[in-house]
Amino acid sequence: MQNIFSDTYQETPFWHHNVTMPKTNQSELPKQSDICIVGAGFTGLTVALHLLEAGKSVVIFDAMKLGQSASGKNGGMIGPSLHKLGLSGLINTHGEKKALGVLQEGINAIQYFPTFLKEQNIDCELSLNGRFNGVHNQKQLEQVERKCEEFTKLDGFKYTMVAPENVQDEIGSSHYHGGVIYNLDGSIQPYKLIAALVQKIVDLGGEIYEQTPVTEIVKTSSGHQITTSRGSIKAGQTVIATNGYSKDFAPKSLTYFSKRILPLTSAMIATQELPSKTIKKLFPKNRIHGGNHRLVQYYRPSPDGKRILFGARGDDLWDRDQYNAKNLHILMCQIFPDMQQTKIDFAWHGKVAYTFDHGPHIGQQDSLFYAMGFCGSGVTRTIYLAKKLSMQILGEENFQTEFHSLNFQTKPFYNGKPWFMPFIIKWHSFMDKMNR
Ligand SMILES: Cc1cc2nc3c(=O)[nH]c(=O)nc-3n(C[C@H](O)[C@H](O)[C@H](O)COP(=O)(O)OP(=O)(O)OC[C@H]3O[C@@H](n4cnc5c(N)ncnc54)[C@H](O)[C@@H]3O)c2cc1C
């Protein structure tokens, strides 16, 4: 059997290679803080940054090392996060006005993202070259075109259809019949964004405690008493930014959230370095890429233009990088058959947070502020909703988003472990094969 792993194969995100995470405070916990944040991914760190800028004292806890959550491991692909239900599905549930409002928030998020990076002077290799999504036959091409036409009701949405004869201009593959370019989309190096946020928080006097799980949150007359593996602290207000990891470290105090989040594995590989002319041939426009699969697949060139980064939703609940990597290599070779002999240098996985209504949620539950449930599309929405949540905490106007008023659903007997997902994933995988 062919060995697809290089001699230097590592089970660590490619992004962490050659980027240094700033040092954080490892001194004793302060006795109290205006705000305590649970979770140091994009959401928690960005809320912290805005609150520090407003003059609040902020302490952030993360159970893991910085960058080990979804935020430091994702595909770095950005776009308007068009809702899984599409416009017509959302209209059926919410009516047209709300449906358009929910979708518009995705555009607001992608439009805000470069502004945020510019305001904060953050370099995380942002490139806005668009995304090519391929389809397999004429019927699918027409379906995609109809959906895109519907989305033109949104302010700022842009797309370009790609006819069969033009596919080779977009991708060095004969896998697709045609497709669509989502012109607003682009990419970043996510670990660089985490590192930049951490540096800013440290510079502003924020305290970040990594590898420090919050194990209990108790409401008090003045806010909360927070218990962590390092000791306790009093907080005036508390933010929960735990997303796909909500069940893992504080089972009792975060039950409300874990009962509403479906944590799913998403896995990625980075190939060995390839000649730049090979990457140029496969990705002639340096865009990000995906298909119309039920089991999401996403791929792109690395920012240095030397590797293919390929990701997909894991097909079971097991977190096994070698197993995932073999599957991802097969999927990559279906699109790029010439890559059969290309070896894998890096494989990794993380948890995304699905919700029962396929969208994120934000607001205040009891006394806890929260934003979570980014459904695998969180790079821009975390940054946007973190801004809105910090405005809400600071009592500013215009913090409301369309997500604030959505019911954060759970289901009877659901306890935070999606035991039924392997069956659903197998079904989607079967349907993907039928659709090709
Ligand atoms: C492999 C992969 C690829 C992805 N690709 C993309 C992509 O290309 N584009 C895109 O838009 N999105 C993508 N996503 C999704 C995106 O990364 C997430 O939506 C986003 O990073 C969520 O950020 P967050 O800060 O809300 O949560 P996270 O980054 O998951 O952070 C949550 C943090 O909470 C901490 N935590 C939980 N409980 C506790 C506790 N009790 N005490 C202390 N800390 C706690 C966890 O340790 C974790 O660090 C991908 C995700 C994965 C895993």
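The values are calculated or read from the model by the stated rules, or taken from the named source; none is laboratory data. If you're wondering where the values come from, they're calculated on a predicted model, not measured in any experiment. Cβ placement follows ideal geometry from the backbone for every residue including glycine, while neighbour counts extend to all protein chains displayed.
Checking Gly89, Gly67, Gly101 one by one, the residue that is in contact (Cβ under 8 Å) with a residue 40 or more places away in the chain, outside any loop (DSSP other than H, G, I, E, B) and more than 8 Å from the ligand (Cβ to nearest atom) is Gly101 and no other.
Considering segment 134-180, the residues that are out of contact with any helix residue (DSSP H, G or I) (no Cβ under 6 Å at 6 or more places or on another chain) and among the hydroxyl-bearing types (Ser, Thr, Tyr) include one that is nearest to Ile107 (Cα to Cα), namely Thr152. Residues of segment 1-53 that are assigned to a loop (DSSP other than H, G, I, E, B), among the small types (Gly, Ala, Ser) and buried (at least 18 other Cβ atoms within 10 Å of the Cβ): Gly39, Ala40, Gly41. The strands (runs of 3 or more DSSP E) falling completely within segment 174-220 that include 1 or more residues that are crowded, with 20+ Cβ neighbours inside 10 Å and more than 13 Å from the ligand (Cβ to nearest atom) map to 178-182, 207-209. Check off (1) farther than 30 Å from Gln143 by Cα; (2) more than 10 Å from the ligand (Cβ to nearest atom); (3) under 23 Å from the mean Cα position of the chain (by Cα) for Ile60 and give me the number that stays unchecked. Result: Ile60 fails condition (2) only. Checking each residue in segment 303-327 for being at pLDDT 95 or above, within 14 Å of the ligand (Cβ to nearest atom) and surrounded by fewer than 22 Cβ atoms within 10 Å (Cβ to Cβ) picks out only Pro303.
Could you check segment 248-276 and list, in sequence order, the residues that are in a strand (DSSP E or B), among the polar types (S, T, N, Q) and within 14 Å of the ligand (Cβ to nearest atom)? Once the filter is applied, which keeps residues that are in a strand (DSSP E or B), among the polar types (S, T, N, Q) and within 14 Å of the ligand (Cβ to nearest atom), segment 248-276 yields Thr265, Ser266.
With respect to the conditions (1) in contact (Cβ under 8 Å) with a residue 40 or more places away in the chain; (2) under 26 Å from Gln392 (Cβ atoms); (3) more than 16 Å from the ligand (Cβ to nearest atom); (4) touching a helix residue (DSSP H, G or I) at 6+ places or on another chain (Cβ under 6 Å), Leu49 lacks only one, and its number is (3).
Taken together, Gln120, Gln68 contain a single residue that is touching a Leu at 6+ places or on another chain (Cβ under 8 Å) and modelled with pLDDT of 95 or more, which is Gln120. Contact map, segment 367-387: first residue touching a residue at least 24 places away in the same chain (Cβ under 8 Å), second residue of a type in the set (Asp, Glu) and more than 6 Å from the ligand (Cβ to nearest atom), Cβ cut-off under 8 Å, separation 6 or more or different chains; pairs are Arg381/Glu105; Tyr384/Glu105. Total residues in segment 78-94 satisfying the condition of being at pLDDT 95 or above and surrounded by fewer than 22 Cβ atoms within 10 Å (Cβ to Cβ): the figure is 0. State which residue is farthest from the ligand (Cβ to nearest atom) when the search covers only segment 340-384 and only residues that are small (Gly, Ala, Ser), over 11 Å from the mean Cα position of the chain (by Cα) and farther than 22 Å from Asn415 by Cβ. Of everything passing the filter in segment 340-384, Ser367 is farthest from the ligand (Cβ to nearest atom). Within segment 330-368, being of a type in the set (Gly, Ala, Ser) and in contact with a helix residue (DSSP H, G or I) (Cβ under 7 Å, 6 or more places away or on another chain) holds for Ala347, Gly350, Ala353, Gly359. Across segment 277-302, the qualifying residues are those that are of a type in the set (A, V, I, L, M, F, W, C) and not in a loop (DSSP other than H, G, I, E, B), and the one among them that is nearest to the ligand (Cβ to nearest atom) is Ile288.
One line per residue, one yes/no per condition, for (1) of a type in the set (Phe, Trp, Tyr); (2) within 13 Å of the ligand (Cβ to nearest atom); (3) in contact (Cβ under 8 Å) with a residue 40 or more places away in the chain; (4) under 23 Å from Phe249 (Cβ atoms):
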site	(1), (2), (3), (4)
Asn3	no, no, yes, no
Val19	no, no, yes, no
Gln32	no, no, yes, yes
Val38	no, yes, yes, yes
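Being touching a helix residue (DSSP H, G or I) at 6+ places or on another chain (Cβ under 6 Å), within 30 Å of Glu125 (Cα to Cα) and not in a loop (DSSP other than H, G, I, E, B), is that true of even one residue in segment 227-239? Yes, some residue in segment 227-239 is touching a helix residue (DSSP H, G or I) at 6+ places or on another chain (Cβ under 6 Å), within 30 Å of Glu125 (Cα to Cα) and not in a loop (DSSP other than H, G, I, E, B).
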